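Data first, discussion second: the structure below is written as structure tokens.
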């Protein structure tokens, strides 16, 4: 039975990244700094739904305009995250922070899917002055909490590095 | 004078507490990261909305001002968490090239942002000057973030 | 459950899960203050048994022989390859069996783990792994003398 995590870790590609002088730091920096592009933009949309910012523009319009930027951020985070995962695979297999982060990402994704399917249609007809329905606001609050925890779990990965 | 200030910080009970704690630095740094994400998002959307580049807000200036308060809170959080992180080893930061660079860039970023805000009057936004000023400010803030990352790598 | 009450439950579950997940007992790894004792500088001399020239941190395992002839295995944590390279230390400068003299700070949990700050390589060079002013062993000396 092959240990897939170890197999990935042992590849020349993974080893090169892991032992690199510049590449790994750059990938990691891109991953961290893209947080603003992905989580930051999500936060602004969530804050709009909660009525904290951009109240002169309908929530659905704010969401529609910002979402492409969020997807760009997600693409960058996914790509850089995949490279970091490949480089450290075997060390991550038993890393509680990493496993928690993956679980939280899945939850955040589910939360976003619920928003798209349930809340977005209900926001479509509302003007700027209207208060978003309770379900939408709860989803926005959950989104803020989940992404905050993703960031915490991500930073904690280094704290459980085996040696 | 700065040297004395940092030394005084290093000798303070607060600095000793942070240095001796097994979890303080970790929590503080995580808060710094969360504030960074929020601040960056606000900057991006505010800046891009102001120049009309990516977003079409009916009232550009109003959009910026609406985001401004959240942005300032996030910045306050970044400054506070940053000051506490320095407390873990003030002299190390004092001599650190990347940290010094970050502080200089931070000063320039704040000045650039102030210039942008000066140029905003309701309804009277001059396209070329504002786009250039906003781009400069955003780039400076990005440089601040990059310098921050360098602290960890050097 | 109606769609109205589903979301509060989801939100509560997510928050609860997240809170529980972040309440990990052993934070004590990594952050210098968490894992190492800044008041306990220590020096060990031993020969290399294993090298992990990796990001985000490198690890060197030394066998240290005490005065009675007992061998103990020590783990030394260093910076990443880029950090070491900028200080003049490349992967090919050491091999298994080489003798290193390591100055650093001892782990708080009593294990044989050191946060390596100054390492004397087989070729005689001393590499300072900290940054100027951080107060570690070797701080203030000329780098790579």
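Descriptive notes on the structure:
- Residue A:71-residue C:50 pseudo-label distance in nm [points 7 Å out on the Cα-to-Cβ vector]: 4.6
- Averaging the sequence gap over all C-alpha pairs within less than 8 Å and six or more residues apart, then dividing by the number of residues, gives chain B a relative contact order of 28 percent.
- DSSP-defined antiparallel bridges as percent of all bridges, the protein assembly as shown, nearest 5: 90
- Segment C:28-106: C-alpha gyration tensor shape, a/c 1.5 cut-off, then a/b vs b/c: oblate
- Angle between chain B longest axis and helix B:2-11 axis [Cα atoms, degrees, rounded to 10]: 50
- Extension gain from residue B:136 to residue B:54, taking 0.36 nm per residue of separation minus the Cα-Cα distance: 27.8 nm
- In this structure, residue B:104 and residue C:67 have a Cβ-Cβ separation that, at R0 = 56 Å, corresponds to a calculated FRET efficiency of about 0.60.
- Spatial separation of Cα centroids for segment A:50-81 and segment B:50-127, in angstrom: 20
- Between helix B:127-153 and chain B there is an angle of about 20 degrees, using the helix long axis and the longest principal axis of the Cα atoms.
- Residue C:123 paired with residue A:94, simple spin-label distance in nm, labels 7 Å along Cα-to-beta-carbon: 3.7
- Mean separation of Cα pairs under 8 Å and 6 or more residues apart, divided by the residue count, gives segment A:31-98 a relative contact order of 40 percent.
- Pairwise centroid distance, computed over Cα atoms, of segment C:37-76 with segment A:1-34, Å: 25
- Each Cα pair under 8 Å and six or more residues apart adds its separation to the average, and for chain A the resulting relative contact order is 32 percent.
- Over all pairs of different C-alpha atoms in the protein assembly as shown, the reciprocal of the mean inverse distance, the Kirkwood hydrodynamic radius, equals 24.2 Å.
- Cut-off 16 Å (backbone N to label point 7 Å along Cα→Cβ of residue A:56), residues of segment B:52-68: B:52-53, B:55-68
- 10 Å Cβ neighbours from other chains, averaged over peptide A:13-24: 4
- Compared with the dominant Cα axis of chain A, that is its longest principal axis, helix A:96-114 is turned about 30°.
Taken together, the values in this text are just the output of simple stated rules run on the coordinates, not laboratory data. The structure displayed is predicted, hence computed values, not measured ones. Positions of Cβ are backbone-derived with ideal geometry, glycine not excepted, and every protein chain shown enters the neighbour counts.
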